[in-house]
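See below for the structure under consideration.
The values are calculated or read from the model by the stated rules, or taken from the named source; none is laboratory data. Being a predicted model, the structure only gives us computed values, none of them experimental. Please note: Cβ atoms are built from the backbone with ideal geometry, for glycine as well, and neighbour counts cover all protein chains shown.
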Amino acid sequence: MGGGRQLSCPRVREGPHRGAKQRTQVRLPQQLGEPWWSEHLERHGKPPKVILMENHGPVALGATSKDVLNIMLMLDKWARVLIGAMSCGGIRFLSDEDGVTIDSRLDEAYRRKMIDAR
């Protein structure tokens with residue numbers, strides 16, 4: 001686990017300095033030799049926004065704390081939709097092709113722009 005690129009992420013400290021920001025170094029999964037990271041980059045051309053870790057919970061990857069908050073809010077909404085779908089008989093996922101089509105629509109780009117403007 002030698003050198004390589006590290007992310008510097010703002011983090012809110014607990015205790016007497018509550019609310020004070022500090023910078024902490026985070027190692028990217030590719031630095032840890034995780035094969036799924038490279039496979040994901042090859043398939044999608046960009047890193048994941050969320051990593052769901054069994055027995056730990058979600059990790060959101062964003063450029064800013066605002067990005068991370070928006071990702072976590074969407075993850076919460078996604079989880080609620082999945083629970084609702086499961087309680088109504090099951091989940092029917094979009095095909096990869098349909099997902100790409102929706103992801104590249106102009107109204108989707110506009111929606112993202114409006115979220116970023118908040």
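Can you report the number of residues in the range 67-100 which are in contact with a Leu (Cβ under 9 Å, 6 or more places away or on another chain) and of a type outside the set (D, E, K, R)?
Within the range 67-100, the first condition is being in contact with a Leu (Cβ under 9 Å, 6 or more places away or on another chain), and the residues that meet it are 67-68, 71, 75, 91.
Those left that are additionally of a type outside the set (D, E, K, R): 68, 71, 75, 91.
The total comes to 4.
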Quick check on my filter: what residues within the range 82-115 are in a helix (DSSP H, G or I) and either of a type in the set (F, W, Y) or touching a residue at least 12 places away in the same chain (Cβ under 8 Å) (or both)? Y110, I115
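Just one of D76, D67 is of a type outside the set (S, T, Y), modelled with pLDDT of 90 or more and under 25 Å from K113 (Cα atoms); which is it?
Numbers: D67 fails: modelled with pLDDT of 90 or more.
Just a single option satisfies the conditions, and that option is D76.
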Only one of (1) within 30 Å of S104 (Cβ to Cβ); (2) modelled with pLDDT under 80; (3) in contact with a Lys or Arg (Cβ under 9 Å, 6 or more places away or on another chain) does not apply to E34, and that is (3)
Every listed condition ((1) part of a helix (DSSP H, G or I); (2) of a type in the set (G, A, S); (3) under 12 Å from the mean Cα position of the chain (by Cα)) holds for A79 save (3)
Output the residue which, of all residues in the range 85-118 that are among the hydroxyl-bearing types (S, T, Y) and closer than 23 Å to N70 by Cβ, is surrounded by the most Cβ atoms within 10 Å (Cβ to Cβ). T101
By residue number, the members of the range 32-66 that are surrounded by 15 or more Cβ atoms within 10 Å (Cβ to Cβ) and out of contact with any strand residue (DSSP E or B) (no Cβ under 6 Å at 6 or more places or on another chain) are W37, H40, P48, K49, L61, G62
